[in-house]
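First up is the structure itself, then whatever we jot down about it.
The values are calculated or read from the model by the stated rules, or taken from the named source; none is laboratory data. What you see is a predicted model, and the numbers here were worked out from it, not measured in a lab. Cβ placement follows ideal geometry from the backbone for every residue including glycine, while neighbour counts extend to all protein chains displayed.
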Amino acid sequence: MTHVVRQVVDPRSTRVAVVALVVGTALLGITLNVDDGSWEFYAAGFGLAATWIMAYVVAPTRSRPDRRRTVDAGIGVLAGSAMFGIFIAGSWVLHRIDLFDDAIDDLLRTADSSTVGWVMALAGVNAVAEELFFRGTLIDADQELLDLPDQPAQADQTDQPVQLAQM
């Protein structure tokens, strides 16, 4: 037996998500157009993380029975770490091909222009902030905009309907 649970989306979630996306896009544009390692780069980068976190805190994000905040944050850290590993392995392999040698050197010089600790801190904070925003606030807002269908509640192993808390 499957029960359909209607999840009501608070319209504030949509407004907060849209404002955060506009501000976040502007801050991301700033980080891409300032000198690497400059104070403007770090200010815009940490401002971007603060934007995602504030939207998550301000918007009435629903608690979802299928997700945990620690899982979402952990996914962000693991995905970022995996991408860093892929970048290092790729640069090592491509550096040995003459066609890519100069491009890889330019990219690594850009990466060397910043302090590793600050870059790792910025990447870590943004990874967690993005996971909270994009898997929380934006999903709630997107559900209203796209008019996604109601989700059936899953039965547990005894085939009894799962009771979802109303928020």
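Could you say whether any residue in region 118-134 is surrounded by fewer than 12 Cβ atoms within 10 Å (Cβ to Cβ) and either out of contact with any Lys or Arg (no Cβ under 8 Å at 6 or more places or on another chain) or within 30 Å of THR14 (Cβ to Cβ) (or both)? No, every residue in region 118-134 fails to be surrounded by fewer than 12 Cβ atoms within 10 Å (Cβ to Cβ) and either out of contact with any Lys or Arg (no Cβ under 8 Å at 6 or more places or on another chain) or within 30 Å of THR14 (Cβ to Cβ) (or both).
Where in region 68-167 are the helices (runs of 4 or more DSSP H), entirely inside, with at least 2 residues that are modelled with pLDDT of 85 or more and of a type outside the set (Phe, Trp, Tyr)? Can you show your working first?
On the way: elements: 69-94, 98-112, 116-132, 138-146.
By residue number, 69-94, 98-112, 116-132.
Number of residues in region 55-67 that are modelled with pLDDT of 75 or more and either under 12 Å from the mean Cα position of the chain (by Cα) or buried (at least 19 other Cβ atoms within 10 Å of the Cβ) (or both): the value is 3.
Residue-by-condition table, conditions (1) at pLDDT 90 or above; (2) assigned to a helix (DSSP H, G or I); (3) of a type in the set (Lys, Arg); (4) crowded, with 17+ Cβ neighbours inside 10 Å:
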residue: VAL23; (1), (2), (3), (4): yes, yes, no, yes
residue: GLY29; (1), (2), (3), (4): yes, yes, no, no
residue: ASP35; (1), (2), (3), (4): no, no, no, no
residue: ILE53; (1), (2), (3), (4): yes, yes, no, yes
